[in-house]
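Chemist: Below you'll find the structure I mean.
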Amino acid sequence: MTSRRPAGIRSAGLDAAKDGRMDARTFVTYMLGVSHDRLREAVDGVSETDARRVLAGRLTPIIWQVGHLALVDGIYVRRAGGDSPVPARYAELFKQGSGGEQDYPPFPEVWNVFGATHRALIDRAGGADYQAPVDAPSYKTVGEMLMYSSYHRGYHIGKIMTLRSLLGKAVVR
């Protein structure tokens, strides 16, 4: 089986550690790249209509999952000292506990906002102070938050895979 690194991720940092350890910045950057690629695969072939469908009468739609990731990644960017590229209206549409049938922006726009937050998060991962404190329940430092971000993405990628299956679409990998 061949291992595939996400696009744009340098392999040197992953393989170069003489003591066999990967530094936190390399790990975070790698995992953000992997989770971005997995999310792109998860939404590949999903139409605007399917992205908005509320399945089983209550499951948050795919568009919400992606918008929520954009919103939360924007929060991570701010907590790491950057400027969030997320439009203000996303805060109410995509906050935890929202969802259902809403007047969502077009799916390509939501994907592009996620892409902008991804790039901003990669930028912060390369330049943030990983020991800086963060006041949040799931992590206490910027470094922990950046590591947590990939876990959060993976959780929602799993949700999207379930929604894909319910839509009758192939589940990738």
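The values are calculated or read from the model by the stated rules, or taken from the named source; none is laboratory data. Treat the numbers as computed from the prediction; the structure is a model and nothing was measured. Don't worry about glycine lacking a Cβ; one is built from the backbone with ideal geometry, like all the others, and counts go over all protein chains shown.
Chemist: Do you know which residues across segment 47-74 are buried (at least 17 other Cβ atoms within 10 Å of the Cβ), assigned to a helix (DSSP H, G or I) and among the β-branched types (Val, Ile, Thr)?
Modeler: ILE62, ILE63, VAL66, VAL72
Chemist: Hey, another quick one. Can you spot a residue in segment 14-33 that is part of a helix (DSSP H, G or I), modelled with pLDDT of 95 or more, of a type in the set (Gly, Ala, Ser) and more than 29 Å from ALA132 (Cα to Cα)?
Modeler: no
Chemist: I've got another one for you. From the set of residues in segment 112-134 that are in a helix (DSSP H, G or I) and of a type in the set (S, T, N, Q), which is nearest to ILE63 (Cα to Cα)?
Modeler: Among those that are in a helix (DSSP H, G or I) and of a type in the set (S, T, N, Q), it is ASN112.
Chemist: Something else about it: Does PRO6 meet the test of being surrounded by 15 or more Cβ atoms within 10 Å (Cβ to Cβ) and either farther than 14 Å from HIS156 by Cβ or at pLDDT below 95 (or both)?
Modeler: When the stated conditions are applied, PRO6 passes them.
Chemist: A follow-up question, please. Residues in segment 128-173 that are within 23 Å of ALA51 (Cβ to Cβ) and not small (Gly, Ala, Ser): how many?
Modeler: Summing the residues that are within 23 Å of ALA51 (Cβ to Cβ) and not small (Gly, Ala, Ser) in segment 128-173 gives 17.
Chemist: Has segment 80-97 got at least one residue that is in contact (Cβ under 8 Å) with a residue 40 or more places away in the chain, surrounded by 18 or more Cβ atoms within 10 Å (Cβ to Cβ) and closer than 16 Å to ILE157 by Cβ?
Modeler: No, that holds for no residue.
Chemist: Another question, if that's okay. From (1) in contact with a Phe, Trp or Tyr (Cβ under 7 Å, 6 or more places away or on another chain); (2) modelled with pLDDT of 95 or more; (3) over 20 Å from ASP23 (Cβ atoms), pick out the condition that doesn't hold for TRP111.
Modeler: Single failed check for TRP111: (1).
Chemist: Mind listing just one residue for me: the one in segment 140-173 that is hydroxyl-bearing (Ser, Thr, Tyr) and assigned to a helix (DSSP H, G or I) and, of those, farthest from THR26 (Cα to Cα)?
Modeler: SER165
Chemist: Let me confirm something: among PRO105, PRO85, PRO137, which residue is assigned to a loop (DSSP other than H, G, I, E, B) and within 17 Å of the chain's Cα centre (by Cα)?
Modeler: PRO85
Chemist: So for segment 108-130 (the condition being buried (at least 17 other Cβ atoms within 10 Å of the Cβ) and among the charged types (D, E, K, R)), does at least one residue qualify?
Modeler: yes
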